[in-house]
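Here's the structure, in structure tokens; my notes come after.
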Amino acid sequence: MEENRTVKFRDVAENYFSQTRVDCRYTISSQHSWSSHDWIGLFKVGWLTVKDYHTFAWALAPEGYQTGTDANCSVAFYSSYLPKPDGEAYQFVYVDEHGEICAVSSPFNFCAPRPLDELVTLEQEKNGEEEEEGDDLLLVVPKALILQSLLEGCQRELHELHKRLEVADDEVERERERWKTDRDEFERARKEMRSQIDELKDNLKQSTEKIEELEQKQKDVQSTHENLSTECSGLLAERAENHQRIKELEQDAATLTQQKQDIEAELDRMKERVKKMTTQRRDEEKEKKDLQIENEQAHAELRNLQERLEASERSTDALRRDLSELGSMQSHSHAELHQVRLQSAQMNLQLSQANLALREGQATWAQERETLRQSAELDKDRVQKLSRELQKKEEWLQEERTEREKLEVELGNEKDCNRELRASLRALQKEQEQHQLEKQELLDHIHVLELRIDTETDAKWAEAAATPTSCIDSPPSIEEEPPQESLPELSSSVLDSEQFSSHCSTEQSQKDNENDMMATRGSRSEALFQCDC
């Protein structure tokens, strides 16, 4: 059942002084559900229920206590509530809010310090009084109180050292967490910056490729413009040649027209001549009839005229064919001229569109080049900015590394200090054990002295009982009455018992006064030692 206790008492002594405060130390395990209604009672050994306590104190937990963790605690039982030394055994009992018993300490006793035990003399100056002889106050306190005060001071110092060690460990853990968080944040920022730099490099590469493509397009447009200019120059030259040819054809057409007019006039003249010759032929036929001689000449002349008429008709047909050819040539030349004009207009339109497209392409290319230049400058600025930020981050990382090295050095120093503290703690524990041994020796010595005092008291009782009546002096008085001889033994025994009772009562009152004085001086010396600690 003791193994299943969720609370354990620590450093329980075998004896306590009822005139001083008693500290009850205990450990709350992680399995215990602590509550502010838990309490620790001081019970007399042999108790039956939790209501049989002599006094109690609320079970306290340390500041910042969390449920489910181990914690070392302590409560104080002040001297005004402690039982008087009666030889009975007592023990501490831890009771939770439900009335369940969680821990029971080992039994111990309450005793009072003897005035002639091992004492320590302390000097203290009086405060608020005039300086006179004997201003120094001598305090005589038991060595156990001093040892207990030293033990409490060592325990307080040990508790402070534990707190400092826990605070240092928490600070180191927080520094580690902060350093880890900063390192993760820096790595994340570094990755983001790397991705941004890669993206900017890709954008810069794409912009460069786009600029090269636009430059190639500009070169192609320039070469196309040059080709169009060359072709336009050729077309203009061809147009000039066509104009010249058209002029020549117009001149030829005018010449042919004039020739046609001349031929038509000649044909009209020939028709008139034919008419005249026909008339003349008629006249000649009449004359033939009249003159047959003359008929042969007329036939010959008529054959000649018919030949000439046929020849003129053939020349007229040739002239008509030439005229039709000239007309077709003129219409063809007009069509060619119109076609050339259309081609020239189309080429001019294409040239103007090409020039417009070239200007638009140049403007667009210039705008895109300016935009890309600005974008490249912005990307360059961003790259420089990111490079500076990366450099700052690297410097910050270097500082963090330096600080981390410093923290590691400090952590090593803290570890060395912790080792020193642990060594001092072990030394304090050894000293505490030594004090405990000295305390036990002191208690044994007190027990021996008590036995010695009891033996001496019994011897005194025996000696007082064996002392004759003649050896006992009566208290001095002015008028001394003679002793009554009739009852000598009775009066002497009564006197002896009265004197012994008076002596015992006087000795007991002196002991009580000395005990009260020692308790008062012990409390003052305890307060003094606490202030000194």
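What follows is calculated from the coordinates using simple rules that are stated; it is not laboratory data. In this text the structure is predicted, and so the values were computed from the model without any measurement. Glycine gets a Cβ as well: all are built from the backbone with ideal geometry, and neighbour counts include every protein chain shown.
Could you pull out the pairs from Lys44/Lys430; Lys180/Lys392; Lys180/Lys393; Lys385/Lys406 whose alpha carbons sit more than 21 Å apart here?
Numbers: Lys44/Lys430 32 Å; Lys180/Lys392 19 Å; Lys180/Lys393 15 Å; Lys385/Lys406 31 Å.
Correct reply: Lys44/Lys430; Lys385/Lys406.
Specify the inter-centroid distance of the stretch 1-67 and the stretch 391-468, based on alpha-carbon positions, in whole Å. The distance from the Cα centre of the stretch 1-67 to that of the stretch 391-468 comes to 23 Å.
What is the packing order of peptides 14-25, 37-48, 418-429, taking the mean over residues of other C-beta atoms within 10 Å and listing the highest first? Before the final figure, lay out each step's value.
Numbers: 14-25: 18.7, 37-48: 16.6, 418-429: 13.5.
The peptides rank, most packed first, as 14-25, 37-48, 418-429.
In order along the stretch 43-55, phi translates into HN-Hα couplings of 10, 7, 4, x, 5, 10, 10, 6, 8, 8, 6, 7, 8 Hz, rounded to whole numbers, per the Karplus curve 6.51 cos²θ - 1.76 cosθ + 1.60 with θ = phi - 60° and x for Gly and Pro. For the stretch 255-270, putting each phi into the Karplus relation 6.51 cos²θ - 1.76 cosθ + 1.60 with θ = phi - 60° gives couplings of 5, 4, 4, 5, 4, 4, 4, 4, 5, 4, 5, 5, 5, 4, 4, 5 Hz, in residue order, rounded to whole numbers and with x for Gly and Pro. Between Gln353, Ser324, Ala376, the Cα set farthest toward the positive side of the dipole of the stretch 309-415 (charges on each charged residue's Cβ, about the Cα centre) is that of Ser324.
Using the crude model of +1 on Lys and Arg Cβ and -1 on Asp and Glu Cβ, and no other charge, please compute the dipole size for the stretch 152-229 relative to its Cα centre, in debye to 20. Intermediate results must be reported in sequence, preceding the final value.
Working: 17 positive and 24 negative charges, 46 e Å.
It works out to roughly 220 debye.
Peptide packing for 7-13, 185-191 was compared via the average number of neighbouring C-beta atoms within 10 Å per residue; ordered from the highest value, the list is 7-13, 185-191.
Backbone phi angles across the stretch 386-394, fed through the Karplus curve with coefficients 6.51, -1.76 and 1.60 (θ = phi - 60°), yield HN-Hα couplings of 5, 5, 5, 4, 5, 5, 4, 4, 5 Hz in residue order; Gly and Pro are listed as x.
Please sort 439-447, 362-370 by packing, taking for each peptide the average over its residues of neighbouring beta carbons within 10 angstrom, highest first. If you can, show how the numbers build up before the last one.
Details: 439-447: 15.1, 362-370: 13.6.
Descending mean neighbour count gives 439-447, 362-370.
Here Lys163 is the anchor, and the lysines within straight C-alpha reach of less than 20 Å, apart from those fewer than 8 places off in the same chain, are Lys415. Local charge for Tyr65 was computed over the other residues whose Cβ lies under 14 Å away, with Lys and Arg +1 and Asp and Glu -1, and equals -3. A cut-off of 5 Å between modelled amide H atoms, ignoring neighbours fewer than 5 places along the same chain, links Ala89 with Val45.
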